[in-house]
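Peer 1: Structure in structure tokens, see below.
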């Protein structure tokens, strides 16, 4: 790939300690992520996918190895990294506008200009009528869109998505993942998305990383090349002829036994 | 929400709800009146001894007399002021202490057994000690009121603080929020419903503290009137004190309910 290396993960490992035992969650992860690239991370449940994101974001310190973003070692949450959670985590006591600017407020970047920008984004994403509504008045899909705007307003270089659609019902999930996938491509964002939905990973990502059972290591990396006609959106990509081959390969690689 | 034309069936539904609400209110008032009338009639025909049980008309007569002759308003004012001061100080101090405990998990663990013990201790048992230590006056009564309600405030609010959604804290942390910002932007606002229910409990507890304090030592106040009435064996006076107390505490509860409505519009 021609573009710049944005994230560098080197020999990363982490071990948890609890009263009962110590658990090695991740072992020797090595991964480079380039600009404008969307990486999907899949793996069996409990393999440390979310832990990996937490470490990249600087919320948790690794036991071994390191993460570098833009060449700087991550040891605390960085302002140029945005994080999206499974749930929207909107603050019920704030209206939608005040919810999307909470990050700016925390970082002391709140000015009239960004306030206008926030309103404009809300309008663009079909939330113009809800700027002064409270979260309980919005549907699940709308709430997740609000959460995305909250993240995008901070203009992050890197987006970390932790199963961002899994709390939504299936139809909403398809629509929102299509929308957000398109937005990420259009805004030329670099993103790492953890998911347990293989189809979602293939349709959105440029590369899909498969992690092994605990302790999680990188088992295989799939370069996703889909031929879709016309406009390339995640939903369209699902119709590509290669889609089901990727699906089967990744499924085999996951090696799930129930 | 929006102004849509209301269908016939929806109109009927709304009307039914309204009727039900009215009916509940009417029955509430009716029950009160019935009780008062029964009480009055029973006293009039000497089914009960009016000297011990008093009666609504005797209480009312005494009330008018006290209003003009004995400066009743002053007594009411003293008790209400003591309660409000005690209530406010207990709430503020309790909040500060619970914030401190939330801030330091270590010290919260250290103080835990003491708080549990203080909570199960009947605080009114401390009243005589407090009054001797602090002084037999308003301050002693106020401190008694504080001691009764502060422990509940600390326990309720601390529990509310630590039950803040940890993922929401994580969210703020990804923005790079400081601990103080987490407190101000998340922990405190999300605890407002719990704070209000604590306030509702505290208003009653502060009254307990004030009345107990006034029983023990006072020159004025509703507790003073009640004790005086029982000492001279005029139950009319005691009953009047209790009725006034009931009315005022109901009024204060109502005030908090109004505050609640204002601050929790965002709740479903």
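Computed from the coordinates by the stated procedures, all read-outs in this text should not be read as laboratory data. What you see is a predicted model; the values in this text were computed from it and never measured. Note that each Cβ is placed from the backbone with ideal geometry, even for glycine, and that neighbours are counted across all protein chains shown.
Peer 1: Can you sort A:228, A:237, A:47 from fewest to most other Cβ atoms within 10 Å of each residue's own Cβ?
Peer 2: A:228, A:237, A:47
Peer 1: What do you get for Rg/Rh over segment B:8-48 if you use C-alpha atoms and the Kirkwood form of Rh?
Peer 2: For segment B:8-48, the value is 1.41.
Peer 1: Could you work out how far the C-alpha centroid of segment A:205-221 sits from that of segment A:133-147, in angstrom?
Peer 2: Each part's Cα centre sits 32 Å from the other's.
Peer 1: Here's another thing I want to ask about it. Could you tell me what a quarter of the Cα convex hull surface of segment B:73-119 works out to, in nm² with one decimal place?
Peer 2: 3.7
Peer 1: Chain B: D in µm²/s via Stokes-Einstein (Kirkwood Rh, Cα pairs, 37 °C, 0.692 mPa s)?
Peer 2: The estimated diffusion coefficient comes to 148 µm²/s.
Peer 1: Separate question: Could you work out how far helix B:192-216 tilts from the main Cα principal axis of chain B, as a 0 to 90 degree angle to the nearest 10?
Peer 2: Around 40 degrees separate the two axes.
Peer 1: Follow-up question, since we're still on this one. Could you tell me what a quarter of the Cα convex hull surface of segment B:124-268 works out to, in nm² with one decimal place?
Peer 2: Computed as one quarter of the Cα hull surface, the answer is 11.2 nm².
Peer 1: Ok, one more. Please report, for the Cα atoms of segment A:10-66, the Rg to one decimal and the Dmax as a whole number; what are they, in angstrom?
Peer 2: For segment A:10-66, the Cα-based Rg and Dmax read 12.2, 43 Å.
Peer 1: Now, a different point. Working from the alpha-carbon coordinates of segment B:197-248, get Rg over Rh, Rh being the Kirkwood radius.
Peer 2: Rg/Rh for segment B:197-248 comes to 1.03.
Peer 1: On to the next question. Average partner chain C-beta neighbours within 10 Å, per residue of B:164-173?
Peer 2: The per-residue average across the peptide is 5.
Peer 1: Report the full-extension gain for the segment residue B:46 to residue B:61: residue separation times 0.36 nm, less the Cα-Cα distance, to one decimal in nm.
Peer 2: That works out to 3.5 nm of additional length.
Peer 1: Then there is this: Counting every Cα pair in chain A, what percent are over 26 Å apart?
Peer 2: 42
Peer 1: Using only Cα atoms, tell me the angle between helix B:8-44 and the longest principal axis of chain B; keep it within 0 to 90° and round to the nearest 10.
Peer 2: With both axes taken from Cα atoms, the answer is about 40 degrees.
Peer 1: What's the average, rounded to a whole number, of partner chain beta-carbon atoms within 10 Å of each residue's beta-carbon in B:176-185?
Peer 2: Mean shielding by partner chains, rounded to a whole number: 3.
Peer 1: Take every DSSP beta bridge whose two residues both sit in the protein assembly as shown, then give the antiparallel share in percent to the nearest 5.
Peer 2: Once the DSSP bridges in the protein assembly as shown are tallied, antiparallel ones form about 55 percent.
Peer 1: Can you work out D for segment B:23-72 in µm² s⁻¹ from Stokes-Einstein, where Rh is the Kirkwood radius over C-alpha pairs, the temperature is 25 °C and the viscosity is 0.890 mPa s?
Peer 2: 201
Peer 1: Once the Cα gyration tensor of the protein assembly as shown is found, what semi-axes does its equivalent ellipsoid get, as square roots of 5 times the eigenvalues, in whole Å, sorted largest first?
Peer 2: 63, 29, 19
Peer 1: Still on this structure, please answer the following. Counting every Cα pair in segment A:1-115, what percent are over 20 Å apart?
Peer 2: The calculated P(r) of segment A:1-115 puts 54 percent of pairs beyond 20 Å.
Peer 1: So, by mean Cβ neighbours within 10 angstrom, what's the order for A:90-96, A:79-85 with the highest one leading?
Peer 2: The densest-packed peptide leads the list: A:79-85, A:90-96.
Peer 1: So, one more: For the protein assembly as shown, what is the mean residue ellipticity at 222 nm derived from helices alone (per DSSP H run of n ≥ 4: -39500 (n - 2.57); sum divided by total residues; nearest 500 deg cm²/dmol)?
Peer 2: -18500 deg cm²/dmol
Peer 1: Dividing the alpha-carbon Rg of segment B:58-139 by 2.2 N^0.38 Å yields what?
Peer 2: Its radius of gyration relative to the 2.2 N^0.38 Å reference: 1.64.
Peer 1: Compute the angle between helix A:243-254 and the longest alpha-carbon principal axis of chain A, please, reported from 0 to 90 degrees and rounded to the nearest 10.
Peer 2: On a 0 to 90 degree scale, this one is about 60.
Peer 1: Per residue of B:258-267, count partner chain C-beta atoms within 10 Å of its C-beta, then hand back the mean as an integer.
Peer 2: 2
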